[in-house]
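Notes follow once the structure below has been shown.
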Amino acid sequence: MSNSVAERFPRICALIAASALAAAALVVNHAPARAATAVIGEFGVPTFNSVPEGITLGSDGNLWFTEFQAGGGQRIGRITPTGTVTEFSGLTGAPFWITAGPDGNLWFTETSNAVGEMTTAGVLVGEFALPLGGSGLDQIAAGSDGNLWITEFSGNRIGKVSTAGVVTDVATLTAGAGPTAIAGGPDGNLWFTEQSAGKIGRITTGGVVTEFGGLSANSTPAGIAVGPDGNLWFTEFDGNRIGRITLDGAVSEFAVPTFNSEPGSLAAGPDGNVWFTEQNANKIGRMSPGGAVLDEFEIPTPGAGAGAITAGPDQALWFTERLTNKIGRIAPPAVTASTTLTYTGASAGDFNDPVTASATLVDSSVVPSVPLAGQSVSFALNSLDTCSGVTDSAGSASCTITPSEQSGAYALIATFAGSGALPGSSATAPFTVSAEESSVALAPSSPLANGLPGSLAAALTEDGKTPIPGRSVSIALGTGASAQSCSASTGADGSARCAIDAVNQALGPGQVSAAFGGDGFYKPASTEAIVLVFAYAAGGTFVIGDGSAAAGASVTFWADTWSTQNELSGGQAPPSFKGFANTLSSTPPACGGTWTSDPGISSGPPPAPLPGYMAVVVSSSVTKSGSTVSGNITQIVIVKTDAGYAPDPLSHGTGTVVAVLC
């Protein structure tokens, strides 16, 4: 357009240019001598004197370019990777720069002070005017925020356009900046050249501008693009240099060997190098990320006026020939590609616990190496446990892998199988599997009766949640030499149940413990709990009323005054019943059963002393028929007995309810 770099900055005399070059501090990197070959093809644009300017790769896999003159018809052109050109007209203004938008359409700047949008079918969606006139629209690039960002050379502003066509002027720059090229950076910001001020600018998507100096005098920064190394690279049109600026603003400059070549536009190539157009030298240059000029390839048609350049879908670079009405294509010299995969993930984990496996894949055929995005990397632990991930923009792939091996040292192998021209590579890392944490818990146990079988149960789980089946758990009642134990294998629900044939422990609260010895998959685990051991009275059972059976209650289970000291919901008991029943419907007694007894001491109460913890039945009704006293059994409780009992009803039997058996 009218403010293109070639038109704004006419070439100055060789003497002045030579003096400026000599005075500047720059780096000259010489590449080793070699015989590189590149295939250059040229394709004519049908419309005479169309002046192709900008070029970009579209979402449809074709190259799209602007026709600045187009015989007065203002067109957008499309060229397929095989060289077929189609032109689309109907624009109000002459299009200058073009880019692919986040919506898949093509977006371009126009001399009509508007931004245009076209679909990949060639349908013009709209032309969106800028808020202020005379902006001198220059270049356009997609931002990380989903908008299109533009430079306004004459207006000295940076603007943005939403995909809905809403144009906003975001920031006004330092007077005389002359913003020209713009590119989205890997840091999410937009980077642009200040052609008139000789600076590089950065603007956040929130509109905060930072300007970086450090360029040689009279450099005229023109094009800018993200390089294969993640830095921003720019051309110095009048300085005859290629520049590099890191994301923190450090600038380096590298001389172009051909004098007064007028480098204009640049792009990252598929070979991991930086490619640039040399308008005056009629060449396409190639520079390594280290700043060495590797090659300068002559364009077949003299005076082509090479303008914009972009990477195509075919491992080639495509460029516009402004003065010869052509589109050029250059295929880089053959590069022996190599890839390197480096494992960066977890190096240890527990059995059955997920861990993150990760690796970084780079193209190591260039220096520095270039991250490879969009490539599938697989991971295998001991050839059994596998997962896969796809590399991101940093070349990193990750996924979750769950070790199924028992504890030990194994190999974890990351593999890139290769893709297209990229050969495969792999990385092996040691990985240690440790036994997983286990937890054993005792099931609540009812009080256990001495002399009778005792049922015990425990549950074995992983991390206290997932059942662990098929493992042996041992359960012990008591401690030391008197301990009694049993063992069982856990079922699908992680529970293990076993029984002591005949409980033989000290009466009262005792210890019950469960233990899992561990194996190659799970760590050992153990736990302890308290269980109450009691005994039944000899020759029958003592009785208390249901109104006196609450836990913690003091009770009288043998006395000459039993009928007055025990409240029964079914009515007062006969005075002849002293508290002991010598005949039971079942032995031992059971809830829901019954009992009968002779009156008074003829019931045959047991001799002293009584068990310290003794089962006592609870009755709601006690009646007498003839010489037989009878009652029901609504509950059975455990009573901690007091001293002082004797078979004589005058020597009362008392105690405290400490547990309910049923």
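Here are the numbers for the structure shown:
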| quantity | calculated |
| --- | --- |
| Unique match (being in contact with a Gly (Cβ under 8 Å, 6 or more places away or on another chain), on the phi < 0 side of the Ramachandran plot and of a type in the set (Val, Ile, Thr)) among Ile327, Ile309 | Ile327 |
| Strands (runs of 3 or more DSSP E) lying entirely in the stretch 307-362 (those with 1 or more residues that are within 36 Å of the chain's Cα centre (by Cα)) | 317-321, 339-343, 348-350 |
| Count of residues meeting criterion [closer than 14 Å to Ala457 by Cβ, of a type outside the set (Asp, Glu) and not in a strand (DSSP E or B)] in the stretch 482-496 | 3 |
| Residue within the stretch 123-136 that is within 25 Å of Lys199 (Cβ to Cβ), hydrophobic (A, V, I, L, M, F, W, C), in contact (Cβ under 8 Å) with a residue 40 or more places away in the chain and surrounded by 15 or more Cβ atoms within 10 Å (Cβ to Cβ) present | no |
| Residues of the stretch 361-407 satisfying the condition of being over 30 Å from Ala292 (Cα atoms), among the charged types (D, E, K, R) and surrounded by fewer than 18 Cβ atoms within 10 Å (Cβ to Cβ) | Glu405 |
| Within the stretch 634-658, considering residues that are modelled with pLDDT of 95 or more and among the charged types (D, E, K, R), the one farthest from Leu507 (Cα to Cα) | Asp642 |
| Output for the stretch 139-175, where each listed residue is at negative phi, over 36 Å from the mean Cα position of the chain (by Cα) and not in a strand (DSSP E or B) | Phe153, Ser154, Gly155, Leu173, Thr174, Ala175 |
| Test for Gly223: is it within 22 Å of Asp103 (Cβ to Cβ) and buried (at least 19 other Cβ atoms within 10 Å of the Cβ) | no |
| Residue list for the stretch 331-360, restricted to those being buried (at least 21 other Cβ atoms within 10 Å of the Cβ) and under 30 Å from Thr66 (Cα atoms) | Pro332 |
| Odd one out for Val433, checked against (1) surrounded by 19 or more Cβ atoms within 10 Å (Cβ to Cβ); (2) free of Cβ contacts under 8 Å to residues at least 40 places away in the same chain; (3) under 26 Å from Thr386 (Cβ atoms); (4) not small (Gly, Ala, Ser) | (2) |
| Qualifying position, being surrounded by fewer than 24 Cβ atoms within 10 Å (Cβ to Cβ) and not in a loop (DSSP other than H, G, I, E, B), among Phe234, Phe254 | Phe254 |
| Exclusive hit being more than 30 Å from Glu298 (Cβ to Cβ) and more than 39 Å from the chain's Cα centre (by Cα), set Asn105, Asn113, Asn49 | Asn113 |
| Residues that are under 13 Å from Leu247 (Cα atoms) and assigned to a loop (DSSP other than H, G, I, E, B), drawn from the stretch 203-230 | Thr204, Gly227, Asp229, Gly230 |
| The one condition in (1) at pLDDT below 95; (2) in contact with a Ser or Thr (Cβ under 7 Å, 6 or more places away or on another chain); (3) outside any loop (DSSP other than H, G, I, E, B) that Ile182 fails to fulfil | (1) |
| From the options Thr235, Thr220, Thr204, Thr193, residue that is at pLDDT 95 or above and over 19 Å from Phe276 (Cβ atoms) | Thr204 |
| Residues of the stretch 506-531 classified as more than 16 Å from Ser489 (Cα to Cα), surrounded by fewer than 19 Cβ atoms within 10 Å (Cβ to Cβ) and in contact with a Pro (Cβ under 8 Å, 6 or more places away or on another chain), total | 2 |
| Enumeration of residues in the stretch 245-272 that are in contact with a Pro (Cβ under 9 Å, 6 or more places away or on another chain), at pLDDT below 95 and more than 21 Å from Gly54 (Cα to Cα) | Leu247, Asp271, Gly272 |
| Some residue of the stretch 56-69 being among the polar types (S, T, N, Q) and touching a helix residue (DSSP H, G or I) at 6+ places or on another chain (Cβ under 8 Å) | no |
| Listing of strands (runs of 3 or more DSSP E) fully contained in the stretch 497-587 that carry 1 or more residues being over 30 Å from Ala443 (Cα atoms), polar (S, T, N, Q) and at pLDDT 95 or above | 554-558 |
| Restricting the stretch 392-407 to residues that are polar (S, T, N, Q) and over 13 Å from the mean Cα position of the chain (by Cα), the residue that is modelled with the lowest pLDDT | Ser393 |
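Table: residues versus (1) exposed (fewer than 14 other Cβ atoms within 10 Å of the Cβ); (2) in contact with a strand residue (DSSP E or B) (Cβ under 6 Å, 6 or more places away or on another chain); (3) modelled with pLDDT of 95 or more.
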residue	(1), (2), (3)
Ala409	yes, yes, yes
Gly420	yes, no, no
Ala427	no, yes, yes
Val440	no, yes, yes
Ala443	no, yes, no
Ala457	no, yes, yes
Thr461	no, yes, yes
Gly464	yes, yes, no
Gly470	yes, no, yes
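The values are calculated or read from the model by the stated rules, or taken from the named source; none is laboratory data. Remember, predicted model here, so these are calculated numbers, not experimental data. Virtual Cβ from ideal backbone geometry, glycine too; neighbours counted across all protein chains shown.
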